[in-house]
Ligand SMILES: Cc1cc2nc3c(=O)[nH]c(=O)nc-3n(C[C@H](O)[C@H](O)[C@H](O)COP(=O)(O)OP(=O)(O)OC[C@H]3O[C@@H](n4cnc5c(N)ncnc54)[C@H](O)[C@@H]3O)c2cc1C
């Protein structure tokens with residue numbers, strides 16, 4: 001990571017990727033295997049901010065409107081309040097960390113026809129940045145109430161996209177450390 005203001009006045013790249021979020025970072029990383037790539041991110045580093053790195057601080061940044069905040073609050077055109085990221089790692093640096101695999105319908109719509117590659121990609125992500133959460137009392141009661149209300153079967157812990165109720169993955173490790181595409 002380098003400050004863009006300190007970059008040389010003229011430089012050349014095969015590709016310039018704008019936005020270091022969940023989409024931009026993997027794209028830039030993959031391209032950089034064969035090409036020279038510049039990744040431009042308007043926000044700061046996620047690593048020196050405990051509000052980003054520690055999930056226990058989730059949401060603090062929604063009240064931080066300073067220029068160095070990792071989040072920017074905004075109002076949608078329909079008048080709905082929301083937050084968007086401005087930090088390397090993008091929305092994954094400020095989001096709730098829920099992870100699940102997608103459904104076959106989405107794979108078809110997105111034309112992800114290479115099932116082997118899709119599954120290998122899920123497995124890669126699950127190995128490097130997704131964890132099984134500790135299910136606390138509140139979460140457990142919430143899950144049981146969904147099952148009681150008829151959202152069955154209870155699938156237990158799984159990354160798979162299934163009808164019913166389940167415990168999904170989380171991008172926070174057992175030490176409470178958040179993992180993002182920036183890692
Ligand atoms: C509060 C919240 C909770 C969420 N919870 C979940 C969840 O639990 N599970 C889940 O799967 N998803 C969740 N999401 C959604 C998920 O985080 C986003 O869909 C995802 O991170 C989007 O990734 P992206 O790369 O498309 O965009 P972004 O992550 O938005 O990345 C875009 C990046 O581009 C940068 N940028 C913008 N303009 C410029 C510019 N002109 N020049 C340079 N850089 C620029 C931004 O600073 C940002 O870092 C949540 C989102 C929010 C806001």
| Helix 137-148 vs. the chain, principal-axis angle (Cα, 0 to 90°, nearest 10) | 60 degrees
| Under the definition of Cα pairs under 8 Å and six or more residues apart, what whole-number percent is the relative contact order of the range 29-113? | 24 percent
| Ranked highest first by the average count of other Cβ atoms within 10 Å around their residues, in what order do 108-120, 20-32 fall? | 20-32, 108-120
| said: Based on C-alpha coordinates, I'd like the Rg and Dmax of the range 90-183, in Å. | reply: 14.7, 40
| Ranked highest first by the average count of other Cβ atoms within 10 Å around their residues, in what order do 92-101, 146-155 fall? | 92-101, 146-155
| field | Whole-Å distance, taken between Cα centres, linking the range 113-159 and the range 43-93 | value | 25 Å
| task | Only Cα pairs under 8 Å and at least 6 apart count here; give the relative contact order of the chain as a rounded whole percent. | result | 21 percent
| When you count, for each residue, the other Cβ atoms within 10 Å and take the mean per peptide, how do 170-178, 121-129, 6-14, 137-145 rank with the highest first? | 170-178, 121-129, 137-145, 6-14
| message | How long are the semi-axes of the equivalent ellipsoid of the chain, taking √(5λ) for every eigenvalue λ of the Cα gyration tensor, in whole Å from largest down? | response | 32, 23, 15
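Here, each number is a calculation from the coordinates, and none is a lab measurement. Here the structure is a predicted model, which is why all the values come from computation and not from measurement. Cβ: placed from backbone, ideal geometry, glycine included. Neighbour counts: every protein chain shown.
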